[in-house]
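To start, the structure itself, in structure tokens.
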Amino acid sequence: MLPLLLAGCLQAPDDWLDQDLWTPLDYTLDRPRVLAVRLDPPAVVHGLPTTVEALALGPSAPRGASAAICGLRTDVRVTVATVDCFSNTALVAPVADALPATWSPPDLSGLATERTATVFAGDSGGAPNWWAALDASGYPPGVSLVPLMVTADFPSGPAYGSLLVPVVHAPFTAGDAVPPSVADRGRTLTWEGEARPGGTVTLQFAYQGRPHAGGFHWYVDAGTLLRTGRTAVLTERDDGWTETENVLEIPDSWSGPLRVVVVVVGVEGATSDTLVGDTTWEILTLPVAEP
């Protein structure tokens, strides 16, 4: 699923989530932020360990990050669609106290495991697509839906990000197909122009495939992105790669390294509900210096 930063209500503190993360005009790394959360492989099912990783950036580096889920039960199917759940510590279960980390989801095989038709438009090599157990009617009995939250510890305070995670009840077996990850796809981020205070640089990003709906998400330490923090595919190459572009105006007062980040969510052809935390990113550091 898209790395939704779900707005907390009632008991959830206002600073739990970055409400502007997916806003095209709020792309500056001027505060601690969790820009993306990735699961690789992008699935949550017992018997298939997945690596949990977060992209946490800000004016200073995070001292660490942890992850937890809330509301998951082994005796009954649950649907928990908001982060309010984390206000009740009795419902919170740790996933990892340091990231990246390998997570082995709990065994939910005692719950209903009915599956629905495959909705992932990919080739599984003939293996069962248990990880495509969703249809237009929503989550079937064979899936529990819970939030996973990442807490990044910055010197100035914590930053938070979350995923709404469908946990498959049926365990993974040797005959099942492992869902592909966009983290395995090629990507390049390059620049040209004047990397100096007050200068302008053109940024080019190429990706092996097409992104999911929402396009490419951009973030910078400082400056103005003339095409905002959200761009679409500009060029489709014959080799299956896509390209996009942005233009950065560097502040007159800036001198020193300046980071540019592009986040890609998912891949075209998969529903956002099918591949969980299927996210990748690329970071470029511009050597901004006085001429």
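Before moving on, here are some points about what is shown:
- If R0 equals 22 Å, the separation of the Cβ atoms of residue 75 and residue 104 corresponds to a calculated FRET efficiency of about 0.70.
- Highest-first arrangement of 65-78, 246-259, where packing means the average Cβ count within 10 Å: 65-78, 246-259
- Footprinting exposure proxy for 145, 234 (fewest neighbouring C-beta atoms within 10 Å first): 234, 145
- Per-peptide average of other Cβ atoms within 10 Å, ordering 149-156, 103-110 highest first: 149-156, 103-110
- Scalar couplings 3J(HN,Hα) for region 73-85, obtained by applying the Karplus form with A = 6.51, B = -1.76, C = 1.60 to θ = phi - 60°, are 10, 9, 10, 7, 5, 10, 10, 10, 9, 9, 7, 3, 3 Hz; x denotes Gly and Pro.
- Computed from backbone phi, the HN-Hα couplings of region 183-194 come to 5, 7, 7, x, 7, 9, 10, 10, 8, 8, x, 10 Hz, rounded to whole numbers (Karplus: 6.51 cos²θ - 1.76 cosθ + 1.60, θ = phi - 60°; Gly and Pro given as x).
- Kirkwood hydrodynamic radius (C-alpha pairs) into Stokes-Einstein, region 43-91, 10 °C and 1.306 mPa s, D in µm²/s: 115
- Packing here is the average count of other Cβ atoms within 10 Å per residue, and on that basis the peptides 31-40, 54-63, 189-198, highest first, run 31-40, 54-63, 189-198.
- Taking the square roots of 5 times each eigenvalue of the Cα gyration tensor of region 182-288, largest first, gives ellipsoid semi-axes of 27, 13, 11 Å.
No lab work stands behind these numbers, since they all come straight from the coordinates. Worth saying up front: this structure is predicted, and the values here are computed from it rather than measured. Positions of Cβ are generated from backbone atoms using ideal geometry, with glycine treated the same way; all protein chains shown enter the neighbour counts.
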